[in-house]
Amino acid sequence: KLVESRGIKPRVEHYACIVDLLGRAGRLKEAKHLIDTMPVKANVGIWQTLLSGCRLHGDIKLGGKVGKIILRMDGENPANYVMVSNLYGQAGYWNEHGRTREIGKIKGLKKEAGMSWVEIEREVHFFRSGDD
């Protein structure tokens, strides 16, 4: 309908929004089916979106498959290893959690610490995760 009513050709970002909504609602198989059948090429971001839904709802089986796709597509991004290992860790699959983290370490990948800035009374304060 976007093409007909607004002249907008749906892009992967539009489909990712729908995958996110389906994932949050626990409709993970529908989200996976949408990715598999959409007329645009899936990128790593849409798979990460589905992985987040799998983690939210504890679907380790689908999440493991999605994690493999993500790591195949973008195995040099340390955040992807963290996402996949967190899926396993949250579900208590500690062997898979550790193995995924170890693969990232073997590849020499390190996730940068999160950083934030906040302005309080016209003074900017900078901090990282783990700072006291």
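Quick notes on this one:
Residues checked against (1) surrounded by 22 or more Cβ atoms within 10 Å (Cβ to Cβ); (2) out of contact with any Cys (no Cβ under 7 Å at 6 or more places or on another chain); (3) without any contact (Cβ under 8 Å) to a residue 12 or more places away in the chain:
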position	(1), (2), (3)
LEU56	no, yes, no
GLY63	yes, no, no
GLY67	yes, yes, no
LEU71	no, yes, no
ASP74	no, yes, no
ASN80	yes, yes, no
TYR88	yes, yes, no
GLY92	no, yes, yes
ARG99	no, yes, yes
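- Residue count for the range 1-50, restricted to those that are of a type outside the set (Gly, Ala, Ser), under 21 Å from GLY64 (Cβ atoms) and crowded, with 18+ Cβ neighbours inside 10 Å: 11
- Residue check for TRP94: touching a strand residue (DSSP E or B) at 6+ places or on another chain (Cβ under 6 Å) and of a type outside the set (Val, Ile, Thr): no
- Segments classed as helices (runs of 4 or more DSSP H), wholly inside the range 1-112, with at least 1 members that are over 29 Å from ARG128 (Cβ atoms): 2-6, 12-24, 28-37, 44-57, 60-73, 94-106
- Pairs, first on the phi > 0 side of the Ramachandran plot in the range 16-31, second surrounded by fewer than 21 Cβ atoms within 10 Å (Cβ to Cβ), C-beta under 6 Å, six or more apart: GLY26/HIS57
- In a residue-by-residue description of the range 65-82, the property of being under 12 Å from the mean Cα position of the chain (by Cα), hydrophobic (A, V, I, L, M, F, W, C) and modelled with pLDDT under 95 applies to at least one position.
- Some residue of the range 112-128 being among the hydrophobic types (A, V, I, L, M, F, W, C), at pLDDT below 95 and within 27 Å of LEU28 (Cα to Cα): no
- Some residue of the range 106-126 being in contact (Cβ under 8 Å) with a residue 12 or more places away in the chain and surrounded by 19 or more Cβ atoms within 10 Å (Cβ to Cβ): no
The values are calculated or read from the model by the stated rules, or taken from the named source; none is laboratory data. Because the structure is predicted, anything quoted here is derived from the model rather than measured. Reconstructed Cβ throughout: ideal geometry from the backbone, glycine too, with neighbour counts over all protein chains shown.
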